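What follows is one structure encoded as structure tokens, with my remarks underneath.
We did not get these values from a lab; they are worked out from the coordinates using the rules stated. Everything numeric in this text was worked out from a predicted model, so none of it was measured. Here the Cβ is made from the backbone with ideal geometry for all residues, glycine too, and neighbour counts use every protein chain on show.
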Amino acid sequence: MLLLLNLVWFATLVSVFFATLAGRKERRLKLGLTIWGAMVVGSVVLALLMAPIS
Amino acid sequence: MSTPARAPGGKREPGGTKAPVRLDASQIGRGLAAAAAGWLLPGLGHWVVGARGKALVFFAIVTATITTGFALGGNLSVVDPRTPVISRLQVATNLALGPVEPVMRAVLYGSLAYRGDESFVPGPQRRALELRRARALGRPFSAFGTTYLLTAGLLNILLLLDAWDIAIGRKSRD
């Protein structure tokens, strides 16, 4: 559970940072959500592939 | 006959390549001032160039990243002779956090320990390395904490470059 919390918190910090840094005002929210989703989903999928739940 | 001023970011030439940007002294001065301010305090570079909303967001994010790193028991890196290149890059990344980095290092380890080879390190440095090792013991997320601290440094390097770009007029402050 703590691992997942870490993942979500880290993804939040990084996605807000890059959305603010790179996004135009009107596209910021969409960019942030895309980065956040990609980080969280990508990490969980990769983790399941590397260590599948038996 | 005077040469026409180039557009910020460089003029696109017919071949598709970008012409090199010539910066005048005042642009370079503004860029360096913004980057230096950003190094002194995360987000201050953006504040100086007028992007104040962004400056507050960046300050909050970098501070939160550092705080999380410490809360998880993360360590600041030291130069390790076994991995000289990577460990030096890690130390440089830590130093990108600005003057707060040596302060944090001194508070955590009792001295400015930047070298990790105990065989020739005298007393205070050796003590610092022991404190550094003890900090990670019994903290399962210590490695995560170290990653947070490195991430904060990397984010701040990006902020310095972004503040430079805004200061020289290559990028808008929105």
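Summary of values
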{"item": "Shape of the protein assembly as shown, Cα gyration tensor, a/c cut at 1.5", "result": "oblate"}
{"item": "Volume per residue of the C-alpha convex hull in region B:25-168, rounded to whole Å³", "result": "107"}
{"item": "For region B:64-174: relative contact order, % (alpha-carbon pairs under 8 angstrom, 6 or more apart)", "result": "39"}
{"item": "Sorted by Cβ neighbour density within 10 Å, fewest at the top, the residues A:Met39, A:Met1", "result": "A:Met1, A:Met39"}
{"item": "GNM result for chain A, Cα springs below 10 Å: residue of A:Leu33, A:Leu21, A:Leu13 fluctuating most strongly", "result": "A:Leu21"}
{"item": "Lysine pairs meeting the criterion (Cα under 23 Å, 8 or more apart or interchain), as found in the protein assembly as shown", "result": "7"}
